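The numbers here are math on the coordinates, done by the rules we state, and not lab data. Source: prediction; values computed, not measured. Don't worry about glycine lacking a Cβ; one is built from the backbone with ideal geometry, like all the others, and counts go over all protein chains shown.
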Amino acid sequence: MMKNSRRLSKAVKRTFLIGVALFILLIGISLFFQRTLLNQPDSQTGPLISEQVLDYRPLVAKYAKQYGIEKHVETILAIMMQESGGRGDDPMQASESYCGERGCIKDPELSIKQGVYYFSKTLKAADGDLLTAVQSYNFGKGFIDFIREQGENFSQEAAIQFSQKMYANDPDKEKYRCLRDGAKELDACYGDIYYVKSVMAYREKITEE
């Protein structure tokens, strides 16, 4: 009886020690992987750039060279990322500047050609002020006139003020979706008031690719 009791006691101790050893091993493995991950560069820092957008780099570079804005390839790709993520037949969402209405462009290359052309025109009209040109891609060239009337360059406040003005002057409020957080509260639902912020974040990420 005593022998059986001792065997049982030893078995319990052995099981307990094995359990403790496994627990310590699992903790060690967990800490190892945490340290490994912390020491690795985080490829997910910042916004993600779609492969579709990056695949369009050669076409964007081609038309950027044609229209004399070669140094702005990353900015144009960032605009594409903000507009569509590189998806669809009109990745630059350039139909309105091409034909005056949405959805008329059905060919990605034509979309890129028109988008790059239009951006080159906004850059020229903005006298090279990049941020004003980027916001004008979204707002239209009327934003450039608005900035000039203010006698200033781009600012977030100016973007909000222009959006408020255009929104207030349009009797058909139902067509505005006010997707940006805070836009509705500001009565600034015309266009994207934080367009520049998003595009420049994408541009920074693309430059790192």
Proximal lysine pairs, segment 64-149, alpha carbons under 20 Å, eight or more residues apart or interchain: 11
Segment ALA168-ASN153, length gained on full extension (0.36 nm per residue, minus Cα span): 3.1 nm
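Using only alpha carbon positions, build the gyration tensor of segment 133-209, then give the equivalent ellipsoid semi-axes as the square roots of 5 times its eigenvalues, largest first, whole angstrom. Could you put the intermediate results ahead of the total?
Numbers: eigenvalues 99, 54, 20 Å².
Taking √(5λ) for each eigenvalue gives 22, 16, 10 Å, largest first.
Mind checking the dipole of segment 95-168: about its Cα centre, +1 per Lys or Arg Cβ, -1 per Asp or Glu Cβ, Debye to the nearest 20? Don't skip to the end; give the middle numbers.
Working: 8 positive and 10 negative charges, 39 e Å.
Taking the Cα centre of segment 95-168 as origin, the dipole is about 180 debye.
So which trypsin sites (Lys or Arg not before Pro) in segment 80-110 end up in coil per DSSP with only 11 or fewer other C-beta atoms within 10 Å?
Values: sites: ARG87, ARG102, LYS106; in loops: ARG87, ARG102, LYS106.
Passing both the DSSP loop test and the Cβ count: ARG102, LYS106.
With viscosity set to 0.890 mPa s at 25 °C, what whole-number translational diffusion coefficient in µm²/s follows for segment 56-209 from Stokes-Einstein and a Kirkwood radius over Cα pairs? Mind dumping the intermediate values first?
Numbers: Rh = 15.8 Å.
Translational D for this selection: 156 µm²/s.
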Label-point separation in nm, GLN66 to GLU109, each point 7 Å along Cα→Cβ: 0.9
Rounded Å value of the spacing that divides the Cα centres of segment 134-180 and segment 101-126: 19
